[in-house]
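Peer 1: The following block contains the structure, expressed as structure tokens.
All of the numbers you see were taken from the coordinates with simple rules; none came from a lab. If you're wondering where the values come from, they're calculated on a predicted model, not measured in any experiment. Cβ: placed from backbone, ideal geometry, glycine included. Neighbour counts: every protein chain shown.
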Amino acid sequence: MSANAQMATKYKNNFLKEVEEQVEMGEWVKMCMQCGVCSGSCPTNFHPGWEHPPQEIFMMIRAGKREEVLTSPSMWMCTSCYNCIVRCPRKLPITHIMHGLANYAHRLGVAPKMQPTRSFAKLFWNNCVKTGRVNELKLSVGLYFKDGLSQGIRNGMAMKDVALGLLKAKRLNPFELFGGHKCKDQNGIHAMLKKARELEEKRKALKAAA
Amino acid sequence: MTAIVATNETILVVGGGISGMTAALEAAETGKQVVLVEKTAALGGRTSQLYRYFPKMCHPTCGLEINLRRLKANPRIKVLTLAEVTGITGGSGDYTATVRITPRYVNENCTACGECAKVVSTQVDDQFNYKLGKTKAAYLPNAMAYPQRYVLDASIIGTAEAEKAKAACKYGAIDLDQKEETMQIKAGAVVWATGWQPYDAAKIQPYGYGRFKNVITSVEFERLADPHGPTRGKLLRPSDGKEAKNVAFIQCAGSRDENHLRHCSRFCCMASLKQTHYVHENFPEDGKSTIYYIDIRAIDRFEDFYQKVKADSSVTFTKSKVARISLNEATGNPICHGVDTEGYHRYANEHDLVVLAVGMEPSVKGMSIPASVAADSSGFIEADPLNGGIFGAGCATNALDVNRSVQSATAAALRAVQVVNKVARAEA
């Protein structure tokens, strides 16, 4: 293999293409000019877990660092404040790309297991698609017990005054734990979600074929 | 008012900056009749407001002086100052322009002795120094203004101040009865050289221009460095007059930004590289410049200049566009916040002064050129056959430095000459 061909193989990667096809708004990643305004504008201020700022993630995608990007907790740290989108000189929808990447990593099953945003998102989604309504009691109880039984009891005890206050004000119905209220057309919701997923798959297949 | 003799073999040049002057001179030196219309009270435009040029670091006064000598020696050019073109009708080879002339209140008798300025006490914003200082309401537009004639600011007309100025003039040069005039000028071809304006930095909200006194623009910094400027050439920052020894330059302030100007303004990288010289020269011991950039666009032969600045140990380059500026209330120092691209380190750097390398916006943008002329998405005039005998020149056509503006103006003059030659042949 010639030196040229060797370098070409080294730098050749399909990850950017994969992101463009599979990730929502992924086609924008190539537009980043690495100015750094998104990272500098991010209020999460590199909290623990925010390893790679958006600008670095875009560069990693282009460099083909598939595993590092998809297993990173970074994009799960986005709080959707939209500061980056507002300021981006190239108008990249950075917030949406972050969510798109997180979602894609989750679907592939490679997203970090203990990432709290991911746990909450899963809990919320499963909770609300079941009956078409968010069951707040089940959601908060589920969140309390996410790290085991004893931690769950401790969390519950810490919040007991708030719960009693809500109960008194009739803002909390303990019977919601059993079934709970539902939307009128539960099957309709499920059919709609199924259809949406089909459409999405179709769109991605079209993109991949193009 | 002297009558203007103009025919459809005359070339009308709109704008008396470096491009307009060049186009007018080049056309007149081929033997054509030229009318040069300038909106302000003196020729020279933004070039005359520069302290020095890149890359040779020479003074614009030198180049302008050469042009003024050519102009004075050439009887074929008629210069109108304080004049604005408000409408153009007709077509190629046969245009009629309407020109509005604002009164100067000073006639040709003026010898620029300055007696009127001595007796007037009212002060007005100094436009030549980007309002960084004040000037008397009877003023010479700038030290090497052409024409060398004073101007009375309209705000003192009808007051005792104006009468005082009139009484002080030994030459009968002050004429308080001058009125706004409108005239029609015939022309075969028009060169549109209305230049540029610095992008309004206050629109870049996170940088705090207008809120933080020590955040200024590159054109203002140019005036600070100039011995004729408001600080007599000393780099003193606006908030407290302290020496600005640690200066930050922020590139692409408004340029290459879909939220502001979509184009690259081309001259700002070189302007900031040049301005690091000013810091170094003012404070050879402890001057410090930091350039925040996305990428340095020192095009073609300017690469050498860039390499020399890079070798200067007082200049630091940080590859990052600053995300926002905050203020240290105690010191008045602006703090630049961002993340650098080489390592992704978050920084918060304090500086004495921040200079925004603002982008170039065509003056024609938003203003309807009084004729149908094609413009691109940034508002620059495009070369288009539909423009007929109207040709853009200099920064009205593109973001250009002085050198390239002169080239563009010479090209426009040649096209205008071709049009009037055709008219002349048809009439012969």
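Peer 1: Check residue B:391: other-chain or 5+ apart residues with amide H under 5 Å from its amide H, H built from backbone geometry?
Peer 2: B:190, B:191, B:192
Peer 1: Now for a different question. So which GluC sites (Glu not before Pro) in the range B:287-390 end up in coil per DSSP with only 14 or fewer other C-beta atoms within 10 Å? Write down the numbers at each step before the final one.
Peer 2: Values: sites: B:303, B:329, B:342, B:350, B:382; in loops: B:329, B:342, B:382.
Within the range B:287-390, the qualifying GluC sites (Glu not before Pro) (loop, at most 14 other Cβ atoms within 10 Å) are B:329, B:342, B:382.
Peer 1: Separate question: Going by the alpha-carbon gyration tensor, a ≥ b ≥ c the square roots of its eigenvalues, is chain B rounded (a/c under 1.5) or, if a/c is not under 1.5, prolate (a/b greater than b/c) versus oblate? Intermediate values should be presented prior to the final figure.
Peer 2: Working: a/c = 2.14, a/b = 1.39, b/c = 1.55.
Oblate, since a/c reaches 1.5 and b/c is not below a/b.
Peer 1: While we're on this one: What nm value, rounded to one decimal, do you get for the distance between residue A:113 and residue B:180 when each label is placed 7 Å out toward the C-beta?
Peer 2: 7.9
Peer 1: I would also like to ask the following. So, R0 is 30 Å and r is the distance between the beta-carbons of residue B:125 and residue B:285; what FRET efficiency does that work out to, to 0.05?
Peer 2: Working from the Cβ atoms, E equals 0.30.
Peer 1: Counting other Cβ atoms within 10 Å, keep those with at most 11, restrict to DSSP loop, and tell me which trypsin sites (Lys or Arg not before Pro) in the range B:52-137 are left.
Peer 2: On the way: sites: B:52, B:56, B:69, B:70, B:72, B:76, B:78, B:100, B:104, B:118, B:131, B:134, B:136; in loops: B:52, B:56, B:76, B:104, B:131.
Qualifying residues, ordered by number: B:56.
Peer 1: To the nearest Å, what is the center-to-center distance of the range B:170-239 and the range B:18-43, using C-alpha atoms only?
Peer 2: Going from one Cα centre to the other spans 20 Å.
Peer 1: At 7 Å along the Cα-to-beta-carbon direction for both residue A:10 and residue B:4, put a label point, then send me their distance in nm to one decimal.
Peer 2: The answer from the label model is 6.6 nm.
Peer 1: When the Cα centres of the range B:315-359 and the range A:60-116 are compared, how far apart do they sit, in Å?
Peer 2: 26
Peer 1: Let me ask something else. Pop out the ³J(HN,Hα) list for the range B:51-61 in order, Karplus 6.51 cos²θ - 1.76 cosθ + 1.60 with θ = phi - 60°, rounded to Hz; leave Gly and Pro as x.
Peer 2: Values per residue, Gly and Pro as x: 7, 9, 8, 9, x, 8, 6, 8, 8, x, 3 Hz.
Peer 1: Take the alpha-carbon positions of the range B:115-168, form their convex hull, and give its projected area averaged over all directions (one quarter of the hull surface) in nm².
Peer 2: Details: hull surface 14.5 nm².
Seen from a random direction, the Cα hull of the range B:115-168 projects 3.6 nm² on average.
Peer 1: If you rank B:354, B:420 by fewest surrounding Cβ atoms within 10 Å, what's the result? Don't skip to the end; give the middle numbers.
Peer 2: Working: B:354 30, B:420 24.
Result, fewest neighbours first: B:420, B:354.
Peer 1: Which of B:81, A:102, B:393 sits farthest toward the positive end of the charge dipole of the protein assembly as shown, with +1 on the Cβ of Lys and Arg and -1 on the Cβ of Asp and Glu?
Peer 2: A:102
Peer 1: If amide hydrogens are placed 1.01 Å from N in the peptide plane, which non-local residues have theirs closer than 5 Å to the one on residue B:87?
Peer 2: B:98
Peer 1: Springs between alpha-carbon atoms under 10 Å, Gaussian network over chain B: tell me which of B:188, B:338, B:158 tops the mean-square fluctuations.
Peer 2: Taking springs between Cα atoms under 10 Å, the residue moving most is B:158.
Peer 1: Exceeding 23 Å between C-alpha atoms, which entries from my cross-link table qualify? They are B:134/B:179; B:245/B:321; B:32/B:78. Don't skip to the answer; put the middle values down first.
Peer 2: On the way: B:134/B:179 26 Å; B:245/B:321 21 Å; B:32/B:78 11 Å.
Long pairs (Cα-Cα over 23 Å): B:134/B:179.
Peer 1: Mind giving me the FRET efficiency for residue B:329 and residue A:120? R0 is 60 Å, r the Cβ-Cβ distance, nearest 0.05 is fine. Intermediate results must be reported in sequence, preceding the final value.
Peer 2: Values: r = 39 Å, r/R0 = 0.65.
Computed FRET efficiency for residue B:329 and residue A:120: 0.95.
Peer 1: Using the 10 angstrom Cβ neighbour count as an exposure proxy, how do A:30, B:274 rank, fewest first? Walk me through the numbers before you get to the answer.
Peer 2: Values: A:30 14, B:274 23.
Taking fewest neighbouring Cβ atoms as first place, the list is A:30, B:274.
Peer 1: Projected onto the charge dipole of the protein assembly as shown (+1 at Lys/Arg Cβ, -1 at Asp/Glu Cβ, origin at the Cα centre), which of A:139, A:74, A:111 gives the Cα projection farthest towards the positive end?
Peer 2: The residue sitting farthest along the positive end of the dipole is A:139.
Peer 1: Quick one: helix B:402-427 against the long Cα principal axis of chain B, what's the angle to the nearest 10°, folded into 0 to 90?
Peer 2: Between the helix axis and the principal axis of chain B, the angle is about 20 degrees.
Peer 1: Classify the protein assembly as shown as rounded, prolate or oblate, taking a ≥ b ≥ c as the square roots of the eigenvalues of its Cα gyration tensor: rounded when a/c is under 1.5, otherwise prolate if a/b is larger than b/c and oblate if not.
Peer 2: Prolate, since a/c reaches 1.5 and a/b exceeds b/c.
Peer 1: Quick one: if the Förster radius is 25 Å, what FRET efficiency do residue A:195 and residue A:82 give, using the C-beta to C-beta distance and rounding to 0.05? Write down the numbers at each step before the final one.
Peer 2: Values: r = 29 Å, r/R0 = 1.17.
Using R0 = 25 Å, I get an efficiency of 0.30.
Peer 1: Starting from 0.36 nm per residue, how many nanometres of slack lie between residue B:109 and residue B:316 once their C-alpha separation is accounted for? Walk me through the numbers on the way to the answer.
Peer 2: Values: separation 207, 0.36 × 207 = 74.52 nm, distance 5.30 nm.
Fully extending the segment from residue B:109 to residue B:316 adds 69.2 nm.
Peer 1: While we're on this one: Would you mind checking which residues have amide H under 5 Å from residue B:78's amide H? H placed 1.01 Å from N; only 5 or more apart, or other chain.
Peer 2: B:34, B:35, B:36
Peer 1: Once you order the gyration tensor axes a ≥ b ≥ c over the Cα atoms, which shape class does the range B:199-360 get: rounded for a/c under 1.5, otherwise prolate or oblate by comparing a/b with b/c? Let's see the in-between values first.
Peer 2: Numbers: a/c = 1.27, a/b = 1.07, b/c = 1.18.
It is rounded, given that a/c, with a ≥ b ≥ c, falls under 1.5.
Peer 1: If you don't mind, another one. Each residue of the range B:250-265 in turn: what ³J(HN,Hα) in whole Hz from Karplus with 6.51, -1.76, 1.60 and θ = phi - 60°, glycine and Pro shown as x?
Peer 2: These are the phi-based 3J(HN,Hα) values: 10, 7, 6, 7, x, 8, 6, 9, 4, 7, 10, 10, 7, 8, 7, 7 Hz.
Peer 1: Counting just the Cα atoms, what span does chain A cover along each of its three principal axes? Round to the nearest Å and put the largest first.
Peer 2: Computed over the Cα atoms, the extents are 75, 39, 34 Å.
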